[in-house]
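Since every read-out is calculated from the coordinates, none of them should be taken as a lab result. Here the structure is a predicted model, which means the values were calculated and not measured. Methodologically, a virtual Cβ is constructed for each residue, glycine included, from the backbone with ideal geometry; neighbour enumeration extends over all protein chains shown.
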Amino acid sequence: AVNLWIMFFFFLSSQNCLCGKVPVHPLQHCRRYTSLQIKFGGGLGGTILYAKWDPKFRANVEKSVPYSDQLFEMTLGPPPPPFIPMQKKPVKAEPLQISSVSEASKDSKQPKPKSKAKEKQPEPAPVDPKPAVEEAPALPPQTIEAEECHECASHEPAVKERPGEEVAARLAQQDKAEQDCCMFSALSFNLEDTLGFSAKLTLQAIGAQEAALTAIGTHTHRLREAMDSEDPPDKKSAQWRELEDALSERTRAVDQAGQSLLQAKEQLEKLRVVINGAKESKIEAARPQILAAEENLHSMIVDLDKVVTKVQAAQTEAKIVSQYSELVNEAKVQFQKELSSITPEVQANWKGLTGKLSADDLNSLIAHAHRRIDQLNRELAEQRVREQIRIEAALEQQKHEHQRAVDSAVDKAIQHNHEQLRLEQEKKMQEVREVMEAEMRTQLRRQAAAHTDHLRDVLKVQEQELREEAQEALSSKMMEQETQHRRLAQEQLDSFTLDMNSAYARLKGMEEAIDSHVVAEEEARKAHQLWLSVEALNYTLKTAAADAPTEPLEGAVRTIKESCAENEFAQALATALPDESLTRGVYSEASLRARFYGVRRLARRVALIDETRNSLYQYFLSYLQSILLFEKEQEAPPTKLAAQDLDTFKLLAYATYSIERGDLELAAKFVNQLHGESRRVAQDWLKEARLTLETKQVVSLLSAYANAVGLGTTQAP
Amino acid sequence: MSEKELGQKWDRCLADAAIKVGAGLGLGIVFSVVFFKRRTFPIAFGTGTGLGMAYSNCQNDLRSPYLVHSNATKEQ
C-alpha cells in the first residue's frame with residue numbers, strides 16, 4: 001500500500017512538474033486545466049489501486065460512494081467473496097473428524113446413495129471374511145483400506161456437498177424453528193430422548209469398540225505368537241485355530257464395533273441435528289439443555305474418538321502385524337504352494353493343515369521347510385543388509401505416519417479443545433446471560449416498579465384531575481339539564497296552569513253562564529209560573545158570574561204562594577189579598593156595577609136618614625125627596641171635592657158617573673163619603689167594592705210584577 | 001148585603017105592622033065586640049095601637065144601628 005501511495009504521489013508530482021515545465025503554448029487553455037484533471041485522475045487511480053489491494057477499503061468506498069461499485073467492478077472485477085462464517089467450520093470439522101476414522105465408519109450425513117453405497121460396502125466387508133479365511137486377513141484390511149479410500153474420496157464430495165446439505169438442513173431447521181415456542185417442550189423431550197438414545201448407543205459403541213480393541217489385541221497377540229512361535233504343528237494348528245477364532249472374534253467384534261459405531265454416529269448426528277434445530281428455534285429456556293446436550297454430545301464424541309483412536313492404533317498395529325502376517329502368510333502360501341506342488345493331495349487350507357498331514361507329507365514338508373529355511377536365511381542375510389535402508393524407510397514411514405497420526409490427533413485434540421472451549425464459552429455465555437438476564441430482570445423489575453409507581457402517581461393525579469373535570473362537566477351539565485328541565489317543567493306547568501286556568505275560567509264562566517242561565521231559566525220558570533198562576537188568578541177573577549162571586553181565590557193564591565215561595569214580593573202580595581177574596585171570592589166589577597144602581601136607589605131613598613134623623617117620618621121624607629129630587633144621574637166629579645159636594649145625591653151622581661166610566665175606585669171613594677143611612681145601605685157594596693178593588697189591585701200588581709219579572713228574565717242581560 | 005137590610009127591615013115592618021094592625025084590629029074587634037059592645041073605638045084603638053106599635057117597631061128597627069148602648073159608652 002505504501003508503495004502504491006508513493007507511486008501515486010510520484011505520478012502527481014510528475015504531472016505537476018510536467019505542468020510547470022511546459023512553456024506558454026497556443027494550447028494553453030487545455031494545459032491550464034491539465035493540473036486539475038491530472039490531480040483528479042491521479043486520485044481516482046490511486047483509489048482504484050488501493051481498493052484492489054484492500055477489499056475492506058473497497059467495500060467502504062462502495063458503501064459511501066454511489067456507483068463506485070460499478071466502477072470497481074469494471075476496473076477490478078467482481079468483489080471478493082464474503083467471509084465464510086465460523087459456525088460452519090466446527091460442523092464441518094466434526095463430521096470430518098468423526099468420519100476420518102478408517103474402519104467401517106459410516107457418515108450418515110452423506111447423501112443417501114453414497115450411504116447406500118457405503119452400506120453395501122460394509123456388507124461385503126463382513127461377508128467377505130466369512131468365505132475365505134486366508135484371504136480374510138488380507139481382505140478386511142484391503143476392504144477397510146478400500147473403504148478408507150472410498151471414504152477419503154468421498155470426504156471431499158461429502159464436504160463439498162455438506163454445505164448444500166447443511167443449508168438444506170439449516171433451512172429445515174429454520175422451518176422447524178419457525179414453529180411456535182410450544183416446541184420447547186417437544187424440543188426438550190426430543191433432545192432428551194435423542195440424548196439418551198445416543199448415550200446408550202455411544203456406550204454400546206464404546207463397549208463394542210473396546211471389545212473390538214481387545215479382540216484386535218488378542219488377535220494381534222495371537223497372530224504374533226503364531227508368527228513368532230515355533231510350535232509343533234498340532235499346537236500350531238491349535239494356534240491357527242485360536243488365531244482363526246481370534247480373527248473371527250476380532251472381525252466380529254470389529255464389525256459389531258463398526259455397526260455400533262455407525263449407529264452411535266447416526267444417533268449422534270441425529271442428536272446434532274436436533275440440537276441444531278433446538279438452537280435454531282432460539283428458545284432461550286432450552287439453552288441450558290442444549291448446552292448440556294452439546295456437552296454430552298461432545299463428551300460422547302470425545303470418548304468415541306478416543307476409543308476409535310485406540311482401536312485405530314490397535315488396528316494399525318494389527319495392520320503392521322497383519323502385514324507382517326501377510327508376508328508370513330504369503331510365504332506360507334508360497335510354502336503351501338510349494339507344498340501343494342510337492343504334496344498335491346494335501347489341501348492348501350490353513351485350517352486343514354492341522355489334522356490331515358501324513359508322515360511322508362510331513363517329511364516332504366520338513367524337507368521343503370529346511371530348504372525354505374536355507375532360503376530364508378539367505379534372504380535374512382540379504383534382509384539384514386537392506387534392513388537399515390528398510391528401517392530408515394520404515395522409520396520415515398513411521399515418522400510420516402506418526403506425524404500424520406500426531407497431526408490427526410492434534411487436530412482432533414484441537415478440535416476437541418475447541419469444541420470444549422466453545423461449549424465452555426457457551427456455558428459461560430449462558431451463565432453470564434442468565435446472570436445478566438436475572439440482573440436485567442431485577443433492574444427491569446425495579447424500573448418497572450418505579451415506572452408503575454410513577455404511573456400510578458401520574459394516573460392518580462390524572463384520575464383526580466379527570467374526575468374533577470368530569471365531575472365539573474357532569475355537574476354543569478346536570479345543572480344545565482336541571483335548569484332546562486325545570487324551565488321546561490315550569491313552562492309546562494305554566495302553560496298547563498294557564499291552560500288549566502283558562503279552562504277553569506272558561507269552565508267557571510260556562511258554569512256561571514249555565515248557572516246564570518239556569519238561574520235565569522229558573523227565574524224565567526218562576527216568573528212564568530208566577531205569571532201563569534197570576535193568570536190563573538186573573539182567570540179566576542174572571543170566573544165571576546153575574547151576581548155571584550168568583551171562585552174562592554184561595555187555590556190560585558195557594559198556587560201562587562207555592563209557585564213562588566221565595567219571591568217575597570209575590571208572597572207579600574199574595575198575603576196582602578184579603579181573606580174574603582181567598583175564601584169567598586170577589587164580585588166582578590160588572591156585578592158591582594149592577595148592584596150599585598140598586599144601592600144608589602136605596603141610598604137616594606134614605607138620603608135624609610142619619611143618626612139624628614131616623615124616624616119613620618124621616619124615612620117618608622127622604623123617600624119623598626128621592627122621588628121629587630131630579631138631578632143628573634151622572635155627574636162628572638170635580639178634581640177636588642168641595643164641602644157642598646158631600647151631598648148624597650151629588651156623591652151618588654159622581655159615583656154613578658165614575659162607575660159608568662169603569663172607575664170603581666173613584667166610585668167607591670165617593671160612596672165612601674156617604675153619611676148616615678145611605679152609608680149603611682151602601683156598606684156592603686162598599687165592602688165588596690173594596691174587596692174587589694183590593695184584589696184587583698193586588699192581582700194587577702202581581703201580574704205587573706210577573707210581567708215585569710218575565711220581561712226581565714226574557715231580556716238578554 | 002147591607003142594601004137588602006133595609007128592604008128586609010121594611011118587610012118586617014110591614015109584616016109587623018100588618019100583624020099588629022091586624023092583631024090590634026082583631027083585638028079591637030074582639031074587645032069591641034066583647035068588651036065594648038061593638039063600639040068602634042076599640043077597633044080603632046086596637047088598630048091604632050097595632051099601627052102605632054108597628055110604627056114604633058119599624059122605627060126602632062130602622063133606628064137600631066144608630067142606637068148607642070150603655071155598655072158601648074162604658075167601653076169607650
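Before moving on, here are some points about what is shown:
- Residue-wise HN-Hα coupling along the stretch A:245-250, computed from phi with Karplus coefficients 6.51, -1.76, 1.60 (Hz; x: Gly, Pro): 4, 4, 5, 4, 4, 4
- Integer Hz, Karplus 6.51/-1.76/1.60 couplings in order for the stretch A:297-312, x for Gly and Pro: 4, 4, 5, 4, 4, 4, 4, 4, 4, 4, 4, 5, 4, 4, 4, 4
- Label-point separation, residue A:379 to residue A:397 (7 Å along Cα→Cβ), nm: 1.6 nm
- Within the stretch A:423-499: Cβ-based charge dipole about Cα centre, in debye rounded to nearest 20 (Lys, Arg +1; Asp, Glu -1): 420 debye
- Applying the criteria of a DSSP loop state and at most 14 other Cβ atoms within 10 Å to the chymotrypsin sites (Phe, Trp or Tyr not before Pro) of the stretch A:635-713 yields no site.
- Cα-Cα over 19 Å, subset of A:561/A:696; A:542/A:696; A:687/B:4; A:39/A:63; A:306/A:427: A:39/A:63; A:306/A:427
- Förster radius 25 Å - calculated FRET efficiency between residue A:214 and residue A:409, Cβ distance, rounded to 0.05: 0.70
- Phi-based couplings in Hz for the stretch B:33-50 (Karplus 6.51, -1.76, 1.60; Gly and Pro marked x): 5, 7, 8, 10, 5, 6, 7, 8, 5, x, 4, 4, 4, x, 4, x, 4, x
- At R0 = 35 Å, FRET efficiency that the Cβ-Cβ distance of residue A:571 and residue B:4 yields, to 0.05: 0.40
- Extension gain, residue A:493 back to residue A:74 (0.36 nm per residue minus Cα-Cα distance, nm): 141.0 nm
- Residue-averaged beta-carbon neighbours from other chains (10 angstrom radius) around A:599-612: 2
- Total charge dipole magnitude, the stretch A:588-717, about the Cα centre, Cβ charges on Lys, Arg, Asp, Glu only, Debye to nearest 20: 140 debye
- Rounded if a/c under 1.5, otherwise prolate or oblate - the stretch B:3-62, Cα gyration tensor axes: prolate
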